[in-house]
1. Can you name every residue in region 88-103 that is crowded, with 16+ Cβ neighbours inside 10 Å, closer than 21 Å to residue 12 by Cβ and of a type in the set (Ser, Thr, Tyr)?
2. Kindly provide the set of residues from region 27-44 that are outside any strand (DSSP E or B) and open to solvent by 70 Å² or more (accessible area, probe 1.4 Å), ordered by number.
3. Tell me whether region 61-73 contains one or more residues that are closer than 15 Å to residue 110 by Cβ, assigned to a helix (DSSP H, G or I) and either in contact (Cβ under 8 Å) with a residue 60 or more places away in the chain or open to solvent by 30 Å² or more (accessible area, probe 1.4 Å) (or both).
4. Assuming residue 47 fulfils every condition listed in (1) surrounded by fewer than 10 Cβ atoms within 10 Å (Cβ to Cβ); (2) aromatic (Phe, Trp, Tyr); (3) touching a helix residue (DSSP H, G or I) at 6+ places or on another chain (Cβ under 8 Å) apart from one, which condition is it?
5. Of 48, 85, which residue is small (Gly, Ala, Ser), over 29 Å from residue 11 (Cα atoms) and in contact (Cβ under 8 Å) with a residue 24 or more places away in the chain?
Amino acid sequence: MIVTRTPFRITLGGGGTDLPAFYERHGGYILALGIDKYMYVALNVPYADRKVRLHYTKSESVDDVAELAHDLAREALKAHGIRDAIEIASLADLPAGTGLGSSSAYLVGLLNA
């Protein structure tokens, strides 16, 4: 089993400067800092079958990664050539939707795992 821990972040400035309409004229910047609250991602290889199991605020169990509804997990696993036989669970110190980068922390944790 692999477990990763990724810090949440507070973004103080730079929102929208990643859009071409802005940065092509004015440049871009971002100012963010990590905090002491974390996203944990646990990855395991099941031995009973070759299913893909993904546990987050919902649970999914599919035969192939391409069937996952979770866009970030599906594309991260496909990018690494993982098609089946994996179980992933995530837990966090803070709930989703706080604006503290939970989606980014999830993706970073999953890619590190």
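1. 102
2. Those that are outside any strand (DSSP E or B) and open to solvent by 70 Å² or more (accessible area, probe 1.4 Å): 29, 30.
3. yes
4. Failed condition: (3).
5. Details: 48 fails: in contact (Cβ under 8 Å) with a residue 24 or more places away in the chain.
Answer to the selection: 85.
The values are calculated or read from the model by the stated rules, or taken from the named source; none is laboratory data. Quantities reported herein were computed from a predicted structural model and do not represent experimental measurements. Backbone-built Cβ (ideal geometry, glycine too); neighbour counts: all protein chains shown. SASA here: full protein model, heavy atoms, side chains in, ligands and nucleic acids out. Shrake-Rupley method; radii C 1.70, N 1.55, O 1.52, S 1.80 Å.
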